[in-house]
1. Find all pairs meeting these conditions: Cβ atoms under 7 angstrom apart; at least six residues apart or on different chains; first residue within region 57-75 and under 16 Å from Ser129 (Cα atoms); second residue at pLDDT 95 or above and of a type in the set (S, T, N, Q).
2. Looking at region 84-120, which of its residues are in a loop (DSSP other than H, G, I, E, B), open to solvent by less than 40 Å² (accessible area, probe 1.4 Å) and within 20 Å of Ala167 (Cα to Cα)?
3. Here are the criteria: (1) closer than 30 Å to Ala170 by Cβ; (2) open to solvent by 80 Å² or more (accessible area, probe 1.4 Å); (3) assigned to a helix (DSSP H, G or I). Tell me which single one Val42 does not satisfy.
4. State which residue is nearest to Lys64 (Cα to Cα) when the search covers only region 121-151 and only residues that are open to solvent by 30 Å² or more (accessible area, probe 1.4 Å) and hydroxyl-bearing (Ser, Thr, Tyr).
5. Here is a list of conditions, (1) surrounded by fewer than 16 Cβ atoms within 10 Å (Cβ to Cβ); (2) part of a helix (DSSP H, G or I); (3) modelled with pLDDT of 95 or more, and Glu81 meets all of them except one; can you say which number that is?
Amino acid sequence: MSGSTRDAVMGRLRRAVGANPANDAERRAAVAARLSDAPKGVIPARGQLPPAERLELFIQMATKADATVTRVDAASDIPEEVAAYLRERNLAPAIRMGRDPRLAGLDFSRTTLTVTTGPSEGDDLSSLSHAVGAIAETGTLVLTSGPDNPTSLNFLPEYHLVVLDAADVAGDMEAVLARLRQTHGKGTMPRSVNFVTGPSRSADIEQTLLLGAHGPRSLHILVVGEPA
């Protein structure tokens, strides 16, 4: 659409609603206030629980969505848990992860795992990610993209393992989004924010549920520590 055509169309729309961008201060103020305040919608009561009960709800809902969950006391326990998960399923002792500083400090030297870093090209069987948060009412993980958090690790490997700090489990999506705005600043959100609930699934063919249809066939969550 050319500039003159676009201006003509926008001019007709403004006249139809009685708007004048040059002097309609009230409309401009309303728009600025909405962008500034980021008002919340209706928030369901289900996730509004004390921290310990909120974590239990998250585990219950994540399990209901066919994820598996393990709790560990500290981040130092993660390498052994990852090794045990792969060993119990007779999977290759290899894991690919991003360069997220929260994972980079893990010591895998006491395991037999081969650890590689960087984006997945689609030939990795297992991957390890870090979730910035979770939503208790739906059992959903929240993963942000960035140079140290390749989105390909969330979707290409068949077995996806995710580290989640217990303190980062929120009751609802609105609370998670507010935390992201506070962390990154308004207007500088990550390029993508992935909401993951259970492994990939589809029932498109004869209503038969198939795991791993469009992504990982298995999602395993390592919950670290105690809720705040």
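The values are calculated or read from the model by the stated rules, or taken from the named source; none is laboratory data. As the structure is a computational prediction, the values presented were derived from the model and not from experiment. Neighbour counts are summed over all protein chains in view; Cβ atoms, including those assigned to glycine, are modelled from backbone coordinates with ideal geometry. The protein model used for the area step is the full one, side chains on, heavy atoms only, and it has no ligands, DNA or RNA in it. Shrake-Rupley method; radii C 1.70, N 1.55, O 1.52, S 1.80 Å.
1. Qualifying pairs under 7 Å: Val69/Thr63.
2. Asp100, Leu106
3. Every listed condition holds for Val42 apart from (3).
4. Thr138
5. (1)
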